[in-house]
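Q: If you scroll down you'll find the structure; I have some questions about it.
Every number here is computed from the coordinates shown, using simple stated rules; none is lab data. As the structure is a computational prediction, the values presented were derived from the model and not from experiment. Neighbour counts run over all protein chains shown; Cβ positions are idealised from the backbone, glycine included.
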Amino acid sequence: MKILITTVAPNLESEVDPRFGRGAYFLIVDPNTLEWHAHPNPGVNASGGAGIQAAQFVVEQKVDAVISGDFGPNAFDALNAANIAMYLFGATRTVREAIARFNAGELERVGAAAPQRRV
Amino acid sequence: MKIAIASGKGGTGKTTIATSLALSLANVTPAPLFLDCDVEAPNAHLFLRPTFERRQKVGILIPRVDESKCTYCGKCAQVCQYHAIAVLGKKVLVFAQLCHGCGSCALICPDRAINEVPGVMGVLEAGTARAGIAFARGVLNIGEPMAVPVIRQLKKWITPAPNQSVILDAPPGTSCPVVESVRGADFLLLVTEPTPFGLHDLRLAAQIARELKIPAGVIVNRDGTGDARTDDFCAAEHLPILLRVPFDRALAEGIARGQALVDVRPEYGAWFRQIVAQIANREVVR
């Protein structure tokens, strides 16, 4: 299994980056072995459509789930269309902590497969 | 002759100046053509009170993907500079609000799976206004993020008669919609107020004039407020100050009632005509 997390720095001790399309790095992690590799976000300075560009990258990397602070409407539609699970890291601060909470099933899931959020 | 009115900062009096400039020129034949290019919040009609006689929907061509022909090769997504089309496994999504209508995706598609269909972004309206002024404006649909295609088509929609002056009322700011509005103008009137905010944006607007090689001059509105730095800037940049409109309660009250500047202060009519004559005779040089 592979999950992608938006991060501030390219390592497991980094803080999570709350922005999906504009996050500094995409860290792809195996949540069981904690093996990881980092990609700088190519769309960090895009003038527009950064969320879609990021979603396109996520799909190409064939990850199973994405963890970020939130997903904009365009990124949300794109990830939903590709059936990629989206999780919010909520109050989590570091990547390591986010993965632990993901493994424990404690992160909130959003999207078509998730229970409806009450507004 | 085409005269564009821009400011940078919003609320400095672009429309106040533009509408009265048009009214001042309305006693000549043909009466001027007025284009309200502030398609996100057009307001010149409040002062010129046109009756609209023609209306046309406008927009750009956006891609529609025939998924029975699509092989999901992803070339359309790669070529799109605006990320308006995404290929996500066995699905293609078009984000119409990001599309600039360039047609690259349809051109590059090896399977001819992309047709371009009209996407409506707004409407153009034209008619005759006070004093016989030919009036046209664009109105961008609410929620639509891109003003430029509507402005571009507004400027193409009506061809001015020979010797007809064109007054272009630009939107505030200094981004793409302003550049699109003032592009091709013979002269750029920069309306400012002598405040730090006014000056900050005047600097940016003056750069647009320089970049586009359009001769420019300044009208200082609410003269008497603020400080001397706007005058200093204009002197240093060799930007002529063509007119000063004092901070005047009677003017503000008139405008709030829908009166034009020249309705409240008719003496400005001759001054506007003089400015236009100076511009036409190339007496105004930066």
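Q: Select from region A:1-38 those GluC sites (Glu not before Pro) which occupy a DSSP coil region and have at most 12 other Cβ atoms within 10 Å, ordered by residue number.
A: Working: sites: A:E13, A:E15, A:E35; in loops: A:E13, A:E35.
Passing sites in region A:1-38 are A:E13, A:E35.
Q: I would also like to ask the following. Rounded, prolate or oblate: which one fits chain A, using the alpha carbon gyration tensor with axes a ≥ b ≥ c (rounded when a/c is under 1.5, else prolate when a/b beats b/c, else oblate)? Before the final figure, lay out each step's value.
A: Details: a/c = 1.43, a/b = 1.05, b/c = 1.36.
Here chain A falls in the rounded category.
Q: Kindly identify region B:134-194 as rounded, prolate or oblate by the Cα gyration tensor criterion: order the square roots of the eigenvalues as a ≥ b ≥ c, call it rounded if a/c is under 1.5, otherwise compare a/b with b/c, prolate if a/b is larger, else oblate.
A: Values: a/c = 2.00, a/b = 1.11, b/c = 1.80.
Oblate, since a/c reaches 1.5 and b/c is not below a/b.
Q: Using Cβ counts within 10 Å as a stand-in for footprinting exposure, how do B:V120, B:V220, A:V16 rank, fewest first?
A: On the way: B:V120 12, B:V220 26, A:V16 21.
Ranking B:V120, B:V220, A:V16 by Cβ neighbours within 10 Å, fewest first, gives B:V120, A:V16, B:V220.
Q: A further question on this structure: On the first, second and third principal axes, largest extent first, how far apart are the outermost C-alpha atoms of the protein assembly as shown in Å?
A: Projected onto the principal axes, the Cα atoms of the protein assembly as shown cover 81, 50, 40 Å.
Q: Could you please state, rounded to a whole Å, how far the C-alpha centre of region B:142-173 is from the C-alpha centre of region A:13-88?
A: Taking the Cα centre of each part, region B:142-173 and region A:13-88 sit 40 Å apart.
Q: Among B:G13, B:Q97, B:N221, which residue has its Cα furthest toward the positive end of the charge dipole of chain B, with +1 on Lys/Arg Cβ and -1 on Asp/Glu Cβ?
A: Positive-end residue among those listed: B:Q97.
Q: Could you tell me how many cubic angstrom of Cα convex hull volume region B:1-128 has per residue? Please list the in-between numbers first.
A: Working: hull volume 19.6 nm³, N = 128.
Output value, Cα hull per residue: 153 Å³.
Q: Right, here's the next one. What does the helix-only formula give at 222 nm for the protein assembly as shown: each DSSP H stretch with n ≥ 4 adding -39500 (n - 2.57), the total divided by the residues, and the result rounded to the nearest 500 deg cm²/dmol? The partial results should precede the final answer.
A: Values: 14 runs with 121 residues, N = 405.
Calculated mean residue ellipticity at 222 nm is -8500 deg cm²/dmol.
Q: Using a cut-off of under 20 Å, list every residue of region B:174-192 whose amide N is near the label point 7 Å from the Cα of B:K213 along the Cα-to-beta-carbon line.
A: Within reach of a label on B:K213: B:179-189.
Q: Between rounded, prolate and oblate, where does region B:216-286 land on the alpha carbon gyration tensor, with a ≥ b ≥ c its root eigenvalues, rounded for a/c under 1.5, else prolate if a/b exceeds b/c? Show your work: numbers first, answer last.
A: Working: a/c = 3.48, a/b = 1.32, b/c = 2.62.
It comes out oblate by the Cα gyration axes.
Q: What is the mean number of Cβ atoms from other protein chains located within 10 Å of the Cβ atom of each residue in peptide A:48-54, rounded to a whole number? Don't skip to the answer; put the middle values down first.
A: Values: counts 10, 11, 1, 3, 11, 5, 1.
Mean shielding count: 6.
Q: Amide H neighbours of A:D70 under 5 Å, counting only residues 5+ apart in sequence or on other chains, H built in-plane at 1.01 Å?
A: Residues meeting the criterion, in which the H sits 1.01 Å from N, are A:F20.
Q: Lone cysteines in the protein assembly as shown, going by a 4.7 Å Cβ-Cβ cut-off?
A: So, B:C37, B:C70, B:C73, B:C80, B:C99, B:C102, B:C109, B:C176, B:C234.
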